[in-house]
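The values are calculated or read from the model by the stated rules, or taken from the named source; none is laboratory data. What you see is a predicted model, and the numbers here were worked out from it, not measured in a lab. Because the Cβ atoms are built from the backbone with ideal geometry, glycine has one as well, and the counts that use them run over all protein chains shown. These area figures cover heavy atoms from the full protein model, side chains too; ligands, DNA and RNA do not enter into them. Shrake-Rupley method; radii C 1.70, N 1.55, O 1.52, S 1.80 Å.
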Amino acid sequence: MIVRPTSEDVVTGNLFQTLKVLNPRWWLPDLLNDALGVRAFHRQVFRDFRIEPWVNKPTYPRELLPWDEGSTQVDVTISWENPPTTVYVEMKYGSDLSHSTSRNSGQHGFPADQLSRNARVGLLECGYFQTPTLFEGAKRDFLLLVISLEKGQPLVARYRDADRLRAAIPHSDLIPRLPRLPFIGELGYDDLVLMLRRQKRWLTLAERILVDELCEYLEFKLATRPRRNLVDPHASLFQPDQDAAAGIKLVELTLKPGEKHAEAESRPTSP
């Protein structure tokens, strides 16, 4: 986990550690619908529901790219099986979506940004590429969300357009059909706070206490957002006093031996 004033990792840990405790029936459809701007999801029992932070995805096939690329680490992967669905969540705090990724700065004629990379990795994982294989894999619904301080990421608006997304993906002719549109969306921290407080009435007393603490934490992070012109992107500064002042315990999340963080591969640079 990267811990510095501009890092989103501590926010990611606190947010999804709490959401794991709550019944997804009362928050997941609202989160997805608010992010996509459509009422596409309804309340249900989510079978085999999982929230997995910092998942390393397999290396993207070299035959589908005009450049070599390492594995991609997704900040959070949410999945369930009725119907089979995978959601990638890209978290941001002190920086916007990166416009370049490891080994690609746009020199190959395709966009090098973080969002298009996550989109094609997710589409490949969920079975949307028509590649020659012995057995055809099962297709999953796929969603890609960005959670940042505020909504309005230009890349999200760009890739909600299916034609622009296809133009950003090498060999997109191998994708006969995209997931149902729109499947890319975004939320701001204040949107999360509003959604959680709106749904709090359905929760138990213990869950309401957790939600209140999480909302206070997110509001604190909004109020103490880093001033980008004063931030050293290479600094590794831990400031526990600020988070302690908000009455929040920071969640320590560790990576398994051999894992590498997305900062080393999918987020090598920070604007």
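Any residue at all in region 67-75 that's among the aromatic types (Phe, Trp, Tyr) and either open to solvent by 40 Å² or more (accessible area, probe 1.4 Å) or over 28 Å from THR18 (Cα atoms) (or both)?
Yes, region 67-75 has at least one match.
Working only within region 164-194, note down all residues that are within 17 Å of ILE147 (Cβ to Cβ) and out of contact with any strand residue (DSSP E or B) (no Cβ under 8 Å at 6 or more places or on another chain). Across region 164-194, the qualifying residues are PRO182, ASP190, ASP191, VAL193, LEU194. Taken over region 182-196, the criterion of being open to solvent by 10 Å² or more (accessible area, probe 1.4 Å) and assigned to a strand (DSSP E or B) is satisfied by GLU186 alone. Filtered by the rule that a residue be open to solvent by less than 10 Å² (accessible area, probe 1.4 Å) and within 26 Å of ASP68 (Cβ to Cβ), region 129-145 gives PHE142, LEU144. Tallying residues that are open to solvent by 70 Å² or more (accessible area, probe 1.4 Å), assigned to a loop (DSSP other than H, G, I, E, B) and within 19 Å of ILE147 (Cβ to Cβ) within region 200-227 yields 1.
Listed by first and then second residue, the pairs with beta-carbon distance under 9 Å, at least 6 apart or on different chains, first residue in region 37-48 and within 17 Å of ASP191 (Cα to Cα) and basic (Lys, Arg), second surrounded by 13 or more Cβ atoms within 10 Å (Cβ to Cβ) and modelled with pLDDT of 95 or more, are ARG39/PRO29; ARG39/ASN33.
Restricting attention to region 28-50 and to residues that are buried (at least 18 other Cβ atoms within 10 Å of the Cβ) and farther than 23 Å from GLY152 by Cβ, the residue that is nearest to the chain's Cα centre (by Cα) turns out to be LEU28.
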